[in-house]
């Protein structure tokens, strides 16, 4: 039997079998005015795999069979023994995902595909910083629930505050939009007054693509954080309907 030795702080990439599943809505819940939680169920979830908190599944919404509307969302939680999958929808302007989530009722069906793969950030850092807007909150919530007890975690989120059960040592900043400063300025102002802890930590960022790019530059530039221990992703792009994740690199 071969032994696999992982380097400390190594991000592990895992590929998954790509397949579609037909799911049925079993519950809906409005977590806040701008966040809708949908619980889905199906026997096809018995072998569902999502190895990382920031994985994405592709949701395939009813519509034109030739060109269905598809959007990417984070698996907020899942239970293969109970055949359930939870998706949290950040509600925005009119669009197929928001429209479907707001109208969803028990018994409705939805197809999903994926996740295609996972980039697993190990739970061996001394601390974590999680930064994003409301679209990043499902991944941030899942990360807070999955990290080991006692590890220091700081989150900076633009959006409505949410109750999250976590065993980490968590400090949260919930940032409200003021109609004047943009998301980059608001998040950077909050981070300016925050001192990165000593030791080796990981900074995770997800937001609008340009915001994520700017914040990555700020964290690795002005704040001098290790680029290898920083991950940034554009979860959406201003002015575009597509919500596919776009990794932000130098």
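From the list 191, 137, 196, exactly one residue is part of a loop (DSSP other than H, G, I, E, B), in contact (Cβ under 8 Å) with a residue 24 or more places away in the chain and on the phi < 0 side of the Ramachandran plot. Which is it? Testing whether each residue is part of a loop (DSSP other than H, G, I, E, B), in contact (Cβ under 8 Å) with a residue 24 or more places away in the chain and on the phi < 0 side of the Ramachandran plot leaves just 196.
Pick from 25, 86: which is assigned to a strand (DSSP E or B) and farther than 30 Å from residue 232 by Cβ? Answer to the check: 25.
Considering region 51-62, the residues that are surrounded by fewer than 22 Cβ atoms within 10 Å (Cβ to Cβ) and not in a strand (DSSP E or B) include one that is modelled with the lowest pLDDT, namely 62. On the stretch given as region 28-50, residues that are within 20 Å of the chain's Cα centre (by Cα) and in a strand (DSSP E or B) total 11.
Scanning region 63-81 for residues that are in contact with a strand residue (DSSP E or B) (Cβ under 8 Å, 6 or more places away or on another chain) and part of a loop (DSSP other than H, G, I, E, B) yields 63, 68, 74.
Looking at region 89-134, which of the residues that are part of a helix (DSSP H, G or I) and out of contact with any strand residue (DSSP E or B) (no Cβ under 8 Å at 6 or more places or on another chain) is surrounded by the fewest Cβ atoms within 10 Å (Cβ to Cβ)? Filtering region 89-134 for residues that are part of a helix (DSSP H, G or I) and out of contact with any strand residue (DSSP E or B) (no Cβ under 8 Å at 6 or more places or on another chain), the one surrounded by the fewest Cβ atoms within 10 Å (Cβ to Cβ) comes out as 103.
The lone criterion from (1) more than 13 Å from the chain's Cα centre (by Cα); (2) assigned to a helix (DSSP H, G or I) left unmet by residue 153 is number (2).
Taking every residue in region 21-45 that is free of Cβ contacts under 8 Å to residues at least 40 places away in the same chain and pairing it with any residue that is part of a strand (DSSP E or B) and surrounded by 15 or more Cβ atoms within 10 Å (Cβ to Cβ), at least 6 positions away or on another chain, the pairs with Cβ-Cβ distances below 6 Å are 29/37; 30/36; 44/21.
The values are calculated or read from the model by the stated rules, or taken from the named source; none is laboratory data. No experiment lies behind these values; they were computed from the predicted model shown. Because the Cβ atoms are built from the backbone with ideal geometry, glycine has one as well, and the counts that use them run over all protein chains shown.
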